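Below: one structure, written as structure tokens.
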Amino acid sequence: MALKVYFKPINVEAESKRGDVLLDVMREAGVRIESLCGGRGQCGKCRVIHESGDIEKISRTPDKFLSHAELDEGYHLACMVRVLSDCVFTIPTESRIDRPKILISASLVLDEKDPGTRKYLVDSSPFVDTDLLIPRKRIRLMDYTGMQPRMGDDIFDKLQLFSNETLITATVSRTNGFPEVIDIEPGDRTSHNYGLAIDIGTTTIVGAIVNLLTGEIIARGSEMNRQITYGEELITRISFSRDPEGLEKLQRIVVDTINDVIQTMTSETGVSPEDITDVCAGGNTVMNHLFMSIDPTYLEMANIEVSRAPIIRRAGELGLQVNPRAYVYCLPNVSRFLGGDAVGDIIASNMHKQEELGLMVDLGTNGEIIFGNKDWLFSSSCASGPAFEGEGVRHGMRGARGGIDHVKIDPGNLRAEVTVIGDSRPKGIVGSGLIDLVAEMFCVGILDFVGKMVPGRTPLVREGKWGLEYVVVPAEETEIGQDIVITQADLDYVIDSKAAACGAVTVLMKKLKIGIEDVRHLYLAGAFGNYTDMVNATRLGIFPELPNSEIHPIGNGSLSGAYATLMSMEKRREARDIAEKTVYIDLLVDVEFMEEYSRALYIPGAKEYFPSFG
């Protein structure tokens, strides 16, 4: 008999079998909860409060993440609880995933519009070309020029059904390398042709519906990637997908998320999903594999060769709720951790067409670093972790209502002055706020140059359960009813993340024999580049001081790249060229990286990279 599990305050009831792990029950029911480690009891994020019913603890070791007061109040980690009867749980504020503040910009000017699909009126009834040795079904299209499009038997049969119609519309796609009729409709439907651009992020899914006749973006939408409850980091998801059932589940979950975004946008605009005839997606290599249901486990191997050809599938095969015969084009990958999203960043920035040297930085769950110009591109990636997205720290959170996004510390009383997203009291610290906080702590002397808290400077630095901690906002001023703090363990994690990012940049500079004065353009992709205080980012040492560099925030480069390839076949050729010519250095096997990483563990870093901060 199925058990009932009720979740407050979101008022969701889920079914469970006796002995099911609570986190699995929540995942199947679509209940969103933080789970950085993917359910292994290693992050302490999936907190719930047990209200009633019988449960069983899997292990008490992860209870170290909970205070004595929380344990007394019935707090548990959802990944460490088995359900034995009908139960009621409360999901506390700090565990809930609220609708995020997601960067969805996709601004790019194209010289010429040449989309992958177009609609044409059929000139006359279909005929069979009997002049050929092997008869071939053919179709005449009004105003069409170029190679005769191919047509499958199913499309030809559909055309025959409408032979009595006065007007018939054919949709021709060139996505798969040759013109192909992918759909037939009665009537004149030539003005109803739309495309879907998607950024498939590790944390978020962002989409845009585009009028393929004009290039106008008529709708934008976004959702959290539901895969996050299976682990924030790519390696965790690769591990989960090792089992074929795990791969199938992750593919279904990401497609379900995309379909939710599509449904929201089509409802807003009245666009029929059948009229979405082309899809272009930008995502990192792992996400591309999971989306396309390709086993990604080989990507765990250092220096492994990855195909640099775009991945193309039918929408119907993937389960996307658009025209089922539409093709889905994924921007090509470069390496195991430099994917189509980075290629999209390059297209969006236009750095591959510039004479002067540029540096592209995209820091999210994974960090992508690319140097280059019109003649060459040299790249790497680093496991910066989700610290710069506000995750992996005690009171970190994604950019959403209640998130502290900027911090200034008064040098007199050493109290933090914060700004918060939305009309809300604070409940956590987002990535941009975390960068501000650590940089400010260093500037006012709360932190020393190795990132350790200095005891005795202020009563706000105190001994906590996890060692020294600094009180950012006292409990009475927060939404969560407890002090928002940053711990020494949090600081160690941030310093490690910034050292990985800076080390990746400087090791490439070392190999290229370039100095900080040589870089003329700094392109910053994603939310990091849009919301971060760049002075504090440099002061902390996330990347070197670049005195001659002009800063270019490019927004969501992955979505912009997907938009560009949706609207331009030439941009698809550019994407393929970019992927093929980009040199990639795998830092996991690079002997120089550890030296650069070690030098970057100081704030801000090695003197030659930070001459103004000495």
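Before moving on, here are some points about what is shown:
- A straight chain from residue 157 to residue 613 at 0.36 nm per residue would run longer than the Cα-Cα distance by 157.0 nm.
- Beta bridges by DSSP in the range 3-95, antiparallel share as percent, to the nearest 5: 80 percent
- Restricting attention to the chain, close to 70% of DSSP beta bridges with both partner residues there are antiparallel.
- Amide H contacts under 5 Å for residue 85, placed H, 5+ residues apart: 54
- Using the Cβ-Cβ distance between residue 415 and residue 317 with R0 set to 60 Å, the FRET efficiency from 1/(1 + (r/R0)^6) comes to roughly 0.60.
- Mean Kyte hydropathy of -0.5 or more with a Cα span along the axis of at least 27 Å, helices from DSSP in the chain: 244-269, 488-512
- A DSSP coil position with no more than 14 other Cβ atoms inside 10 Å describes the following GluC sites (Glu not before Pro) in the range 212-280: 216.
- Taken about its Cα centre, the range 273-393 carries a charge dipole of roughly 320 debye when the Cβ of each Lys and Arg holds +1 and the Cβ of each Asp and Glu holds -1.
- Measuring between alpha carbons in the structure, the pairs from 119/353; 57/249; 17/427; 4/57; 17/249 lying more than 23 angstrom apart are 119/353; 57/249; 17/427.
- Residues residue 57 and residue 111, FRET efficiency given R0 of 60 Å [Cβ-Cβ distance, rounded to 0.05]: 0.45
- Rounded to 5, percent antiparallel among DSSP beta bridges of the range 197-330: 65 percent
- Within the chain, 46, 79, 87, 280, 330, 382, 443, 502 have no other Cys Cβ under 4.7 Å of their Cβ and so lack a disulfide-compatible partner by this rule.
- Order of 543, 371, 613, 178 - criterion: other Cβ atoms within 10 Å of each residue's Cβ, fewest first: 178, 613, 371, 543
- Among 84, 357, 508, the ranking by other beta carbons within 10 Å of each residue's beta carbon, starting with the fewest, stands as 84, 357, 508.
- Computed from backbone phi, the HN-Hα couplings of the range 467-472 come to x, 5, 8, 10, 7, 7 Hz, rounded to whole numbers (Karplus: 6.51 cos²θ - 1.76 cosθ + 1.60, θ = phi - 60°; Gly and Pro given as x).
- Amide H to amide H distances under 5 Å link residue 420 with 405, where only residues 5 or more positions off or on other chains count and H is placed in the peptide plane.
- Per residue, the average separation of C-alpha pairs within less than 8 Å and at least 6 apart gives the chain a relative contact order of 13 percent.
- Simple label model, 7 Å out from Cα along Cβ direction - residue 588 to residue 551, nm: 3.3 nm
Only the coordinates and a few stated rules stand behind these numbers; no lab work does. Given the structure is predicted, the values throughout are model-derived calculations rather than measurements. Methodologically, a virtual Cβ is constructed for each residue, glycine included, from the backbone with ideal geometry; neighbour enumeration extends over all protein chains shown.
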